[in-house]
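Working notes for the structure below.
Every read-out reported here was derived from the displayed coordinates using simple, explicitly stated rules and does not represent laboratory data. Being a predicted model, the structure only gives us computed values, none of them experimental. Ideal geometry is used to build each Cβ from the backbone, glycine not excepted, and the neighbour counts take in all protein chains shown.
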Amino acid sequence: MIRPPGWSGALFGTAAEGDVRVDPAARAAFVAAGAPDAWAFVTQVHGVDVVEATGPGNLGEADAILTRVPGLALTVATADCIPIFLGGDGFAAVVHAGWRGLAGGVVSETLAALRRRGLDPVRAAMGPCIGSCCYEVGDEVRDRFPDFMTTTTWGSSSLDLRAAARAQLAGLEVWESERCTMTDPDLVSYRRNRTSLRQVAVTWLPNG
Ligand SMILES: [Zn+2]
């Protein structure tokens, strides 16, 4: 489990905590680490829709969740995409950001949704994702992110997913995990082995 420094109410899971969708013990590991036991989640579709959670359960198809309810955990599940927490007074928010979502502006859309509600996002935390060291991409992706292309450790074109996300977080204080899901054996990676498992990122607005 990874706690972004300086955050209360934010935990990035690793392979060790398990996948809450298939492992009943996984949620307990987060609750034991201080997370609430009421969780809201979404059916992730690599889109840009943002939903506001007022209670637990599946909120439907979306890739970002915000809440103003203290003690309600928001969660996304990822393998190589970036889980991103957004923080500030009076809310919690989480974004599931892969290349398709970032190309559509999912992070910007979430910040806009917060600001429309009079909320002020001041910080962000990015969990582990596939690094530019490993994220080989083809023309379809390259054409969408001309400013964020780099090369893999084996010399082919890669996308710097974190940099693409960071570009939408202008003005916020940003913390980033530097761990690469594909090469870190303690993390789940779809690219590595086409796994159906996911690691879980959980954030909440603490009570009081
Ligand atoms: Zn890597």
Cα-based equivalent ellipsoid, the stretch 26-72: semi-axes from gyration tensor eigenvalues, Å:
21, 12, 8
Between the stretch 141-180 and the stretch 12-29, what is the separation of their alpha carbon centroids in Å?
27 Å
How much length is gained on full extension from residue 151 to residue 108, taking 0.36 nm per residue of separation minus their Cα-Cα distance?
12.9 nm
Rg followed by Dmax, in Å, when the stretch 35-126 is reduced to its Cα trace:
11.8, 33
Over the C-alpha atoms of the chain, what are the Rg and the largest Cα-to-Cα span, Dmax, in Å?
15.9, 50
Which percent, to the nearest 5, of DSSP beta bridges fully inside the stretch 119-208 are antiparallel?
45 percent
Restricting to the chain, compute how many DSSP beta bridges are antiparallel as a %, nearest 5.
65 percent
Starting from the Cα of residue 186, move 7 Å in the Cα-to-Cβ direction to define the label point; list residues of the stretch 14-39 whose amide nitrogen is under 11 Å from there.
14-17
